[in-house]
């Protein structure tokens, strides 16, 4: 049976609010050993994503970065998949669009609720844990 995103994804959603100060976002990434934060609105729906790359870019080009908040640097057009998305389809999306992660969501009439993340690290881990007997 083909694997689905749910079989490989991380169920941890490390998040912040759009009004979270940038320094606090950086601290949260470091403390949780993640390279991106999922930005959630007041109702817990997906508002954006903020990556280490976004923070470094902000630091490089915006002298006032210390006064800024997550919504100033976050990406609003977030690539998402559902838990039932075939893993091959998710990998194709990541490879074609050259993104490091996809946010896994459940959608309702009010928006997208993040339930996990599928990262390149998750995919490589799954590849490494494949059929060990093939190498015996």
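The table for this structure:
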| item | result |
| --- | --- |
| Listing of helices (runs of 4 or more DSSP H) fully contained in the range 1-117 that carry 3 or more residues being surrounded by 15 or more Cβ atoms within 10 Å (Cβ to Cβ) and free of Cβ contacts under 8 Å to residues at least 40 places away in the same chain | 22-32, 52-61, 87-97 |
| Single residue of 86, 2, 21 found to be at pLDDT below 95 and on the phi < 0 side of the Ramachandran plot | 2 |
| Evaluation of residue 133 against (1) touching a strand residue (DSSP E or B) at 6+ places or on another chain (Cβ under 7 Å); (2) at pLDDT below 95 (one fails), failing number | (1) |
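The values are calculated or read from the model by the stated rules, or taken from the named source; none is laboratory data. Note that the coordinates shown come from a computational prediction; the quantities given were computed from them, not determined experimentally. For neighbour counting, all protein chains shown are included, and Cβ atoms are generated from backbone atoms with ideal geometry for every residue, glycine included.
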